[in-house]
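Peer 1: For reference, the structure I am asking about is given below.
Any read-out appearing in this document is the output of simple, stated calculations on the displayed coordinates, not a laboratory observation. The shown structure was predicted, so the numbers you read here are calculated from the model rather than taken from an experiment. Cβ placement follows ideal geometry from the backbone for every residue including glycine, while neighbour counts extend to all protein chains displayed.
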Amino acid sequence: MSEKVLMKGNEAFGEAAIRGGARFYFGYPITPQNEVPEFMSRELNKRGGQFVQAESELAAVNMAYGAAAAGGRVFISTSSPGFALMQEGMSFMASAEIPVVAMNVSRGGPGVGGIQPGQADYFQATRGGGNGDYHIPVFAPSTLQEAVDMIYEAFEIADKYRNPVLILADGMMGQMMEPVVLPEQKEQLQSEDIASRKPWALTGWGGKEKRSTVVSLHMKPDVLEECVEKLFVKYRAAEKELVRYETHDLEGAQVVFVAFGTMARIVSEAMEMLGEQGIKAGMIRPQSLWPYPYCAFDEIDTATTKVVISTELSMGQMLQDVNIGVCGRWPTDLIYRTGGIVPTSLEIVERTKKILEGLKK
Amino acid sequence: MTYKMFFAGSGGQGVLMMGQAIAYAAMMEGKEVTFMPSYGPEMRGGTANCTVIVSDKPISCPLINEADAVVVMNPPSLTKFESMVSPGGKLFVNTSLIDFAPTRTDVEITDIAANDVAKDIGLARSANIVMLGAVAQGVGIVSAASVRKVMSKLFSGSKAHLLEPNLKALDVYLKGE
């Protein structure tokens, strides 16, 4: 195992992608992820890849679509409004079954919003911001080490399911520094090996009997329906295979928080502080947001839990999934900050105590 | 033990570098660390601050409610952040630029005329390194040797010629091994 290095989040994301075998990166600058394209522009060409600064996010995602359709391993990154612009590409790539790893270092919205951390792209990420029947596996790291590991693995998942995969981080993770242990450099797939490793890829006719095609247009409804149903066979498998979560201190908990990414870290500290005041708190931390770990809610301690609180940097977008997981078994509530404000652990403690008092009445 | 630090000043004063140096040194000593900078549209002349946490166990939250040590490099930072020092904690004040006293009476205050000291030794741009030496010495969470080692990493390659003068700036207040 290699030694720990102190890295800024955005640079660690880029390094993880290169080590995961990414050979192509297309991007357009947007805060708070500018260090990703900066890092890629510096590093990728030196390490056998190609960096292109696109003229817009729409161009970047379509360059990714093209390079990945030709069998390249592609990484793209952006932040909230930029990812909104990329949604057409995400839908097209899901439809055409093209593997790409995308990263959203999200910030406050809606609209141009602000540049401070946000989680209000939850619906965009998990419900699909593009058109049509499709899903994208979404993973939400809460430490830089977890982000590195998730990005590294995401390329394998994207290839396995032939579908885009999204890593959803936020501005805080992009900007902070933390020690990380970097994984081994994976061998890059070279152009001459693509035809044998990815037989579906557009590598030229090359004397094959049947040429490869990549399409997302199906004019006949019965053909389109069949294609969508085929996608959903994959999605049903993904729902079983890609669910990831952690639970902390659920046994005996009075309050169960549900939090992902940056918020999960703040909630961890709030749990300790509540414990010191005699309030036992637990947490469910979804690591996959689609598929969502609904099954985690079955581990909640029925005897002690009084309330399940979705804790997020948005106006309760994840609360919808929390309610599905809870399925009426406990009252649910919401602790949020939005617009780029990240709450302190103290704030979460105070709001939690208010919620508990409200339940007594 | 978990030790929380906060560095504040204006953009261009090298505030983030001070925090990074402490985080780097602590990591080299095998400790857990997080470094969280403020970020915004400002560059030189805007405000800059960062939070550094050093611990012997994994760090859950990289943000802080209060700090064991706060370092302020310019007047607005003292006004805004002196309330962040935990009772009994340490407050390092750059008296070269800050001409009023802190209002806190329950914290340990260290006055360092960082810009003047730096100028006196002919290194006007190393005020942050002078302060870093004083902070490292004052809080004692990382060894002097580790901080010096970090200097050789920060000032390498095209900046290698800056290593020796900055070690001199560092060692004005940083003593021992």
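Peer 1: What is the sum of charges, Lys and Arg at +1 and Asp and Glu at -1, for the other residues whose Cβ falls under 11 Å from the Cβ of A:Val322?
Peer 2: Neighbour charge sum, excluding A:Val322 itself: -3.
Peer 1: Oh, and also: What's the center-to-center distance, using Cα atoms, between the stretch A:225-298 and the stretch A:184-217 in Å?
Peer 2: 37 Å
Peer 1: Sorted by mean Cβ packing within 10 Å, highest first, what order do the peptides B:1-9, B:82-90 take?
Peer 2: By packing density, highest mean first, the sequence is B:1-9, B:82-90.
Peer 1: Please give me the summed charge of the neighbours of A:Gln53: other residues whose Cβ is under 13 Å from its Cβ, Lys and Arg +1, Asp and Glu -1.
Peer 2: It works out to a net charge of -2.
Peer 1: When we measure straight from the Cα of B:Lys80, which aspartates and glutamates land under 19 angstrom away, once same-chain ones fewer than 8 places off are left out?
Peer 2: List returned: B:Glu42, B:Glu66, B:Asp68, B:Asp99, B:Asp106, B:Glu108, B:Asp111.
Peer 1: How many angstrom separate the Cα center of the stretch A:324-361 from the Cα center of the stretch B:20-77?
Peer 2: 28 Å
Peer 1: For A:Phe75, A:Phe51, what's the fewest-to-most ordering of other Cβ within 10 Å of each Cβ?
Peer 2: Placing the least packed residue first, the sequence is A:Phe51, A:Phe75.
Peer 1: Then there is this: Could you order the peptides A:15-21, A:323-329 from most to least packed, using the average number of other C-beta atoms within 10 Å per residue?
Peer 2: A:15-21, A:323-329
Peer 1: What shape does the protein assembly as shown take by its C-alpha gyration tensor, where a ≥ b ≥ c are the square roots of the eigenvalues and a/c under 1.5 counts as rounded, a/b above b/c as prolate, and the rest as oblate?
Peer 2: Note, shape of the protein assembly as shown comes out oblate.
Peer 1: For the stretch B:1-108, what's the relative contact order in percent, using C-alpha pairs closer than 8 Å and at least 6 residues apart?
Peer 2: Normalised by residue count, the contact order of the stretch B:1-108 is 29 percent.
Peer 1: Count, for each residue of A:173-186, the Cβ atoms from other chains sitting within 10 Å of its Cβ, then give me the mean as a whole number.
Peer 2: 4
Peer 1: Just going by the charge dipole of chain B, with Lys and Arg at +1 and Asp and Glu at -1 on Cβ, which of B:Leu63, B:Gly9, B:Asn166 is farthest out on the positive end?
Peer 2: B:Asn166
Peer 1: Averaged over its residues, how many other protein chain Cβ atoms are within 10 Å of peptide B:32-40's Cβ atoms?
Peer 2: 6
Peer 1: Additional query: Do any of A:Lys8/B:Lys31; B:Lys4/B:Lys57; A:Lys354/B:Lys57; A:Lys160/A:Lys240 go past 21 Å between their Cα atoms, and which?
Peer 2: The pairs that break the limit, which is 21 Å between Cα atoms, are A:Lys354/B:Lys57.
Peer 1: Across peptide A:344-353, what mean number of C-beta atoms from other chains lies inside 10 Å of a residue's C-beta?
Peer 2: Mean partner-chain Cβ count within 10 Å for A:344-353: 2.
Peer 1: At a Cα cut-off below 13 Å, give the aspartates and glutamates reachable from A:Lys280, other chains included and same-chain residues fewer than 8 away excluded.
Peer 2: A:Asp249, A:Glu251, A:Glu269, A:Glu272, A:Asp301
Peer 1: Next question, about the same structure. If Lys and Arg each add +1 and Asp and Glu each add -1, what is the summed charge of the other residues whose beta carbon sits under 13 Å from the beta carbon of B:Pro75?
Peer 2: Here the count lands on -1.
Peer 1: Still on this model: Once you have the alpha carbon radius of gyration of the stretch B:50-151, what is it after dividing by 2.2 N^0.38 Å, with N set to its residue count?
Peer 2: Working it through for the stretch B:50-151, the quotient is 1.11.
Peer 1: Charges only on Cβ, +1 for Lys and Arg, -1 for Asp and Glu: so what's the dipole of the stretch B:50-177 about the Cα centre, in debye to the nearest 20?
Peer 2: So the dipole magnitude of the stretch B:50-177 works out to roughly 500 debye.
Peer 1: Taking the Cα centre of the stretch A:245-360 as the origin and placing charges on Cβ (Lys, Arg +1; Asp, Glu -1), which of A:Gln254, A:Thr332, A:Pro286 is farthest toward the positive end of the dipole?
Peer 2: Projecting each Cα onto the dipole axis, the largest value belongs to A:Thr332.
Peer 1: Still on this model: Could you tell me how far the Cα centroid of the stretch A:92-165 sits from the Cα centroid of the stretch B:81-143, in Å?
Peer 2: Comparing the Cα centres of the stretch B:81-143 and the stretch A:92-165, I get a distance of 43 Å.
Peer 1: Express the relative contact order of chain A as a whole percentage, based on alpha carbon pairs under 8 Å and six or more residues apart in sequence.
Peer 2: Relative contact order here is 18 percent.
Peer 1: Relative to the Cα centre, what is the charge dipole magnitude of the protein assembly as shown, using +1 at the beta carbon of each Lys and Arg, -1 at the beta carbon of each Asp and Glu, and rounding to the nearest 20 debye?
Peer 2: In debye, rounded to 20, the protein assembly as shown gives about 620.
Peer 1: With a 10 Å Cβ neighbour count serving as the proxy for reagent exposure, in which order, fewest first, do A:Trp330, A:Trp205, A:Trp290, A:Trp200 appear?
Peer 2: Fewest-to-most Cβ neighbours within 10 Å comes out as A:Trp205, A:Trp200, A:Trp330, A:Trp290.
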